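Below is one structure; the comments refer to it alone.
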Amino acid sequence: MTDDGLAQVEMEPTVRAAAEAARGFMPPDEGLALFRAGVAAGRAVPGAPLLEVGSYCGKSGIYLGAAAKEVGSVLVAVDHHRGSEENQPGWEWHEPDLVDPEVGRMDTLPFFRRTLFHAGLEPFVVAVVGSSPTVSAVWSTPCALMFIDGGHGEEPASVDFECWTPKVAVGGLLAIHDVFPDPADGGRPPYVRIYLPALEGGRCTEVAAVGSLRVLRCTAAA
Ligand code: SAH
Ligand code: MG
């Protein structure tokens with residue numbers, strides 16, 4: 001499958017270049033599909049926000065912030081900015097310069113803010129700094145697009161599924177990153193704990209697959 005089910009719209013070249021240059025974990029083809037999913041979702045559910053769980057330094061935030069701008073909406077970007085388990089010292093995806101020396105913990109928020117500022121997307125992106133389940137507990141607005149790219153362990157992936165998938169608006173899209181059906185390609189929790197349960201529930205059907213990005217349309221109430 002490709003991104004045929006998404007809005008066939010191009011990104012502004014300067015914004016696309018900013019996204020490709022930004023720090024983080026989002027290949028260009030998957031990012032473009034994410035932008036197109038955001039535009040498709042914003043058109044399908046006008047006025048509803050886009051929301052991402054897992055912002056890191058703002059790379060996916062550019063793609064989705066650009067989509068929000070295109071459809072006259074906003075992106076709500078949820079992250080505690082302390083990094084996932086796999087971003088901590090000693091793990092595979094650790095970047096030492098992201099540690100705040102004063103508190104001795106990661107802090108990606110300043111990098112996130114610079115990324116969105118330089119891309120000219122600050123007016124279209126609202127950062128919410130907090131842990132995913134804590135924010136979810138006080139979040140009730142249905143979202144046109146929900147992008148889940150937070151912690152990729154069994155527990156955080158299960159929690160994100162439970163917390164956020166019910167908040168996709170009817171007719172909206174659920175996008176999931178790092179979905180690897182073949183264990184040889186990467187860690188399985190986003191596939192087993194988010195993607196499969198979302199399809200099994202019967203509420204969502206797949207509309208696009210690009211790299212490890214999967215986009216599902218949710219056609220019934222949670
Ligand atoms: N979308 C990003 C990559 C996200 S990396 C990009 O395009 O580059 C995963 C992010 O999820 C990290 O920034 C981490 O801080 C965040 N995260 C992990 N578990 C979380 C939790 N429980 N609550 C909030 N954020 C979390
Ligand atoms: Mg990811």
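The values are calculated or read from the model by the stated rules, or taken from the named source; none is laboratory data. Note that the structure is predicted; figures quoted are calculated from it, not measured. Backbone-built Cβ (ideal geometry, glycine too); neighbour counts: all protein chains shown. For accessibility, only protein heavy atoms count, side chains too; no ligands or nucleic acids. Shrake-Rupley method; radii C 1.70, N 1.55, O 1.52, S 1.80 Å.
Please state which one of Val135, Val76, Val103, Val126 is within 13 Å of ligand 1 (Cβ to nearest atom) and not in a helix (DSSP H, G or I).
Values: Val135 fails: not in a helix (DSSP H, G or I); Val103 fails: within 13 Å of ligand 1 (Cβ to nearest atom); Val126 fails: within 13 Å of ligand 1 (Cβ to nearest atom).
Criteria check complete, one pass: Val76.
Only one of (1) within 16 Å of ligand 2 (Cβ to nearest atom); (2) outside any helix (DSSP H, G or I) is not met by Gly47, so which one is it?
For Gly47, the exception is condition (1).
For the range 200-222, give me each residue that is outside any loop (DSSP other than H, G, I, E, B) and not acidic (Asp, Glu).
Residues satisfying the conditions are Cys204, Thr205, Val207, Ala208, Ala209, Val210, Leu213, Arg214, Val215, Leu216, Arg217, Cys218.
Given the conditions (1) in a loop (DSSP other than H, G, I, E, B); (2) surrounded by 13 or more Cβ atoms within 10 Å (Cβ to Cβ); (3) over 17 Å from the mean Cα position of the chain (by Cα), report the number of the one that Arg114 does not fulfil.
With (1) in a loop (DSSP other than H, G, I, E, B); (2) surrounded by 13 or more Cβ atoms within 10 Å (Cβ to Cβ); (3) over 17 Å from the mean Cα position of the chain (by Cα) applied to Arg114, the lone miss is (1).
Limited to the range 140-160, what total is found for residues that are in contact with a strand residue (DSSP E or B) (Cβ under 8 Å, 6 or more places away or on another chain) and surrounded by fewer than 23 Cβ atoms within 10 Å (Cβ to Cβ)?
1
Does the range 29-44 contain at least one residue that is surrounded by 14 or more Cβ atoms within 10 Å (Cβ to Cβ), part of a loop (DSSP other than H, G, I, E, B) and not aromatic (Phe, Trp, Tyr)?
No: the range 29-44 contains no residue that is surrounded by 14 or more Cβ atoms within 10 Å (Cβ to Cβ), part of a loop (DSSP other than H, G, I, E, B) and not aromatic (Phe, Trp, Tyr).
Return the pairs, sorted by first residue and then second, in which the second residue is among the aromatic types (Phe, Trp, Tyr) and in a helix (DSSP H, G or I), the first residue lies in the range 121-148 and is within 15 Å of His80 (Cα to Cα), the beta carbons are less than 9 Å apart, and the residues are 6+ apart or on different chains.
Ala127/Phe112; Ser132/Trp164; Ser136/Trp164; Ile148/Phe161; Ile148/Trp164
Return the only residue of Asp149, Asp182 being modelled with pLDDT of 95 or more, charged (D, E, K, R) and either within 14 Å of the chain's Cα centre (by Cα) or within 16 Å of ligand 2 (Cβ to nearest atom) (or both).
Asp149
So which residues in the range 152-181 are touching a residue at least 24 places away in the same chain (Cβ under 8 Å), part of a helix (DSSP H, G or I) and away from ligand 1 (no atom under 12 Å from the Cβ)? If you could, list the steps in order and put the result at the bottom.
Applying the first criterion (touching a residue at least 24 places away in the same chain (Cβ under 8 Å)) to the range 152-181 yields 152-154, 156-161, 163-180.
Next, from what is left, pick out any that are part of a helix (DSSP H, G or I): 154, 156-161, 163-167.
Within the range 152-181, Glu154, Phe161, Thr165, Pro166, Lys167 qualify.
Within the range 19-59, work out how many residues are more than 26 Å from His80 (Cβ to Cβ) and of a type in the set (A, V, I, L, M).
Number of matching residues: 6.
So the check is Cβ under 9 Å with 6+ separation or different chains; which pairs have a first residue in the range 87-109 that's hydroxyl-bearing (Ser, Thr, Tyr) and a second one that's more than 16 Å from ligand 2 (Cβ to nearest atom) and open to solvent by 50 Å² or more (accessible area, probe 1.4 Å)?
That search, which allows pairs on different chains as well, returns Thr108/Arg82.
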